[in-house]
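Notes to accompany the following structure.
Please treat every number below as a calculation from the coordinates, not as lab data. Quick caveat: nothing in here was measured; it's all calculated off a predicted structure. Positions of Cβ are generated from backbone atoms using ideal geometry, with glycine treated the same way; all protein chains shown enter the neighbour counts.
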Amino acid sequence: MRTLNRHLDSTSTSPISPTAVVAPLVATGVLMAAYLVLRPYGDVNGGATPVAAQAFASWQWIAAHLCGAASLASFGRFTLRLKELLPGLRTRIARTTGLLGSVAVLPYYGAEMFGLHALGRAALKGDPGVLRLVEQIRNQPVALATFGAGLILLAISGIAAALAWSAERGSAAAWPLGVLVALVLPQYYLPPVGRMAFGVAYALAAFYLAWDVLRSRR
């Protein structure tokens with residue numbers, strides 16, 4: 001019986017297939033690119049203008065922010081699968097900070113996605129005064145704090161995942177994605193073209209790591 005128990009324990013903790021990390025990698029890349037390319041940027045010069053109201057009220061605003069939230073959630077899922085694939089301190093840090101970070105950013109995405117969308121629709125229907133609430137929604141202290149903390153945790157997760165992959169697999173393929181995850185926070189200060197380029201680069205980095213996983217598997 002003891003021998004059987006030891007066998008079951010070793011089987012239950014055996015590493016997963018490396019290809020299990022491919023799906024969340026592809027998802028986080030595609031969704032990040034969709035978020036930053038699809039997003040309307042009419043609000044870049046301030047949120048109290050008719051152009052900003054049109055951006056907030058558009059279907060692209062909802063779709064883009066859904067993609068952005070799902071992209072970061074997919075990265076959190078990637079770190080979860082990575083921990084199963086490569087047990088160790090680095091992947092434990094990547095998993096913990098990745099999951100906590102992806103959860104922490106979601107409330108702010110919800111406020112941007114649905115709150116500003118409602119304000120934009122109200123403004124276009126003849127109540128432009130509601131746009132005065134845009135900055136109050138965006139700069140709410142608790143919302144900003146949780147969003148910033150979540151992005152910092154994701155940055156730590158990205159670097160920890162890259163360190164783990166390079167140490168355990170002898171490949172630097174995780175570094176482009178790890179660095180770009182760490183730069184998600186500062187990319188918000190780029191002009192629209194820069195943000196769209198960031199989204200495309202993020203997708204390419206995620207695809208590169210997925211390709212490295214499949215190549216090493218073969």
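Structural remarks
- A simple spin-label model places pseudo-atoms 7 Å from Cα toward Cβ; at V179 and E84 they are separated by 3.1 nm.
- Among G194, G129, G76, residue whose mean-square fluctuation peaks in a GNM of the chain (springs only between Cα atoms under 10 Å): G129
- Cβ-derived FRET efficiency at R0 25 Å, Y189 paired with A145, nearest 0.05: 0.90
- Most mobile listed residue (V181, V26, V134) in the chain, GNM with C-alpha springs under 10 Å: V134
- Taken one residue at a time, the phi angles of the stretch 97-111 give Karplus couplings (6.51, -1.76, 1.60, θ = phi - 60°) of 6, x, 5, 5, x, 5, 6, 5, 7, 5, x, 5, 4, x, 5 Hz. Gly and Pro are set to x.
- Placed amide H near I16: partners under 5 Å, 5+ positions off or other chain: L85
- Of the residues P107, P18, P186, the one that moves most in a GNM of the chain with alpha-carbon contacts below 10 Å is P186.
- 3J(HN,Hα) from dihedral phi, the stretch 58-73, Karplus parametrisation 6.51/-1.76/1.60, rounded to Hz, x for glycine, proline: 6, 5, 5, 4, 5, 4, 5, 6, 4, 5, x, 5, 5, 4, 5, 5
- Theoretical gain in end-to-end length, F114 to L133 [0.36 nm per residue, Cα-Cα removed]: 5.5 nm
- Taking 7 Å steps out from each Cα toward its Cβ at W59 and S166 produces label points 4.4 nm apart.
- Backbone phi angles across the stretch 170-186, fed through the Karplus curve with coefficients 6.51, -1.76 and 1.60 (θ = phi - 60°), yield HN-Hα couplings of x, 9, 9, 5, 7, 5, x, 5, x, 5, 5, 4, 5, 9, 4, 5, x Hz in residue order; Gly and Pro are listed as x.
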